[in-house]
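To start, the structure itself, in structure tokens.
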Amino acid sequence: MQDEAHYPPQDAIRAGLSGSCPRCGQGRLFDGLLKVRPACGNCGLDYSFADSGDGPAVFVMLLVGFVVVGFALWFEFTFHPSIWLHFIVTAPFSIVICLGSLRLLKGVLIALQYKHSAHEGSIDRG
């Protein structure tokens, strides 16, 4: 797929974090929380190339898991709460942090995929 449109290059990190189109920077990338739109409403870029796979989930598990466990340890050693209070405080914290960062990381990975024209690897047999 060769991009023939003439749009100024967008910063992939900024476009991904804002959830905007990686080509024009104006249209929205997501339709809802994590569902990618079929195409950009502004420039018409087809988002069928966008396949972030398991990348965002892996980054969330590694990075956010570190933050949530650190928070839970701090909470335990500072306040010494009972186990039910841990669930009441730590579970919503982890859910909000995970869902928020999953959207951000998915947007960044899709924008970087567009910027570098990344696609699934194949074996050249010919």
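Any read-out appearing in this document is the output of simple, stated calculations on the displayed coordinates, not a laboratory observation. Everything numeric here is computed off the predicted structure, so don't read it as measured data. Virtual Cβ from ideal backbone geometry, glycine too; neighbours counted across all protein chains shown.
Structural remarks
- Acute angle (nearest 10 degrees) that the helix 83-115 long axis makes with the longest principal axis of the chain, alpha-carbon atoms: 10 degrees
- On the principal axes of its alpha-carbon atoms, segment 76-126 has extents of 64, 22, 16 Å, going from largest to smallest.
- Under Karplus coefficients 6.51, -1.76 and 1.60, residue-wise ³J(HN,Hα) of segment 49-61 in Hz, glycine/proline x: 6, 6, 9, 7, x, 8, x, x, 5, 5, 5, 5, 4
- Karplus-based coupling profile of segment 12-25, in residue order and whole Hz: 5, 5, 5, 5, x, 5, 7, x, 10, 4, x, 8, 9, x, with θ = phi - 60° in 6.51 cos²θ - 1.76 cosθ + 1.60 and x standing for Gly or Pro.
- Scaled to the globular estimate 2.2 N^0.38 Å, the Cα spread of the chain, given as radius of gyration, is 1.36.
- Principal-axis tilt of helix 65-79 within the chain, Cα atoms, nearest 10 degrees: 20 degrees
- Partnerless cysteines in the chain, where a partner means another cysteine C-beta under 4.7 angstrom, comprise CYS98.
- Normalised contact order of the chain, rounded percent, pairs of Cα under 8 Å and 6 or more residues apart: 33 percent
- Cα centre as origin, Lys/Arg/Asp/Glu Cβ charges: segment 6-98 dipole, Debye: 240 debye
- Amide H to amide H, with H built 1.01 Å from N, VAL36 comes under 5 Å of ASP31, counting only residues 5 or more places away or on other chains.
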